[in-house]
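The values are calculated or read from the model by the stated rules, or taken from the named source; none is laboratory data. On a predicted model such as this, the values are computed, not experimentally measured, just so you know. In this analysis, Cβ positions are derived from the backbone assuming ideal geometry, glycine residues included, and neighbour counts consider all displayed protein chains.
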Amino acid sequence: MITAALQFCPSFLDVERNRDTLASYLEGVDADLAVLPELCTTGYFFHDAAQLAAVAETRDGESLRLFRRIAADRNMLIVAGFAERDGEAFYNSAATVFPDGRVEIYRKVHLFAEEKTFFTPGDRGFPVLHWGDRLRLGVMICYDWRFPEAARTLALKGAQVIAHPSNLVAAPRLWKPVMRTRAFENRVFAVTANRNGEEQREDERLVFHGSSQIVGPNGTVLEEVDEPYEGWLQAEIDVKKADEKSFSSWNDIMADRRPDAYEL
Ligand code: ACM
């Protein structure tokens, strides 16, 4: 399976322009699974709730319609971070769009910093999505990286690949080895699509560090890019490798767990 992650700089609040950019990237990639960054249609650093409300979309909105069309045309799974409106609530969400038109939504469980003032925390846990017998996919968003429970929950539920749309402001020297560890300790693939560029709000500035990576189940980096890079990174992966949880005839990292001894 060819897995791809997109690194680019969304234009803040310019949803139409971002959709055009994303459409041309998606139409030009040859992949089975394409992972886009967190909030890739809107940008990140909202000034107030009204600004978020003006750009958030429902699951039937134009952005997801675009992703559905491209997923069908190109027979590709697309994971895309977007600002979701559901009634009066707003979620920092990632849609997984299947070629047959099915859409599944993960809502970010661990909200970062001021996201807590705009978004409602995810209320659906960590679902694992089945693409026939081709792939079992888990999704977590950005700051979820700091919580081993997120990746562990997905792995225990059978995920082979964790898609990780991100707008990481933390230094790559922190999160990159941690995501390698998340892959290693769960023996899964991890695909971090992190945006780059900057956003300014009055005298506050956020810098997003790109440096996206695709990691294999033994913690090896399969593909990575630097901070300024714009475009896709890709790796061909054998998802069945994530089903091999033993590393010797004695040890299987799932079977050897001792939940009876853990105080969680
Ligand atoms: C983050 O969770 N966007 C840092």
Output the number of the condition that R59 fails; it satisfies all remaining conditions of (1) of a type in the set (K, R); (2) within 14 Å of the ligand (Cβ to nearest atom); (3) touching a residue at least 40 places away in the same chain (Cβ under 8 Å). (2)
In this structure, is G101 part of a loop (DSSP other than H, G, I, E, B), over 30 Å from A49 (Cβ atoms) and not hydrophobic (A, V, I, L, M, F, W, C)? yes
Filter region 65-98 down to the residues that are more than 16 Å from the ligand (Cβ to nearest atom), in contact with a Pro (Cβ under 6 Å, 6 or more places away or on another chain) and not in a loop (DSSP other than H, G, I, E, B) and list them by number. A71, A72
Here is a list of conditions, (1) surrounded by fewer than 23 Cβ atoms within 10 Å (Cβ to Cβ); (2) touching a helix residue (DSSP H, G or I) at 6+ places or on another chain (Cβ under 7 Å); (3) at pLDDT 95 or above, and D60 meets all of them except one; can you say which number that is? (2)
Out of all the residues in region 64-92, which are more than 19 Å from Q7 (Cβ to Cβ) and of a type in the set (G, A, S)? A71, A72, A83, G87, A89
Flagged pairs (Cβ under 6 angstrom, 6 or more apart or on separate chains; first in region 102-121, of a type in the set (D, E); second away from the ligand (no atom under 12 Å from the Cβ) and assigned to a strand (DSSP E or B)) are E104/T96; E104/L129
Within region 135-160, count every residue that is more than 11 Å from the ligand (Cβ to nearest atom), in contact (Cβ under 8 Å) with a residue 40 or more places away in the chain and among the β-branched types (V, I, T). 1
Quick one: count up the residues across region 224-264 that are in contact with a strand residue (DSSP E or B) (Cβ under 7 Å, 6 or more places away or on another chain), under 30 Å from A171 (Cβ atoms) and without any contact (Cβ under 8 Å) to a residue 60 or more places away in the chain. 3
Of these, H110, H47, which one is under 17 Å from the mean Cα position of the chain (by Cα), surrounded by fewer than 20 Cβ atoms within 10 Å (Cβ to Cβ) and either among the polar types (S, T, N, Q) or outside any strand (DSSP E or B) (or both)? H110
Could you tell me which numbered condition A170 fails, if it satisfies all but one of (1) in contact with a strand residue (DSSP E or B) (Cβ under 8 Å, 6 or more places away or on another chain); (2) small (G, A, S); (3) away from the ligand (no atom under 16 Å from the Cβ)? (3)
Quick count over region 114-163, residues being surrounded by fewer than 21 Cβ atoms within 10 Å (Cβ to Cβ) and on the phi > 0 side of the Ramachandran plot, is 3
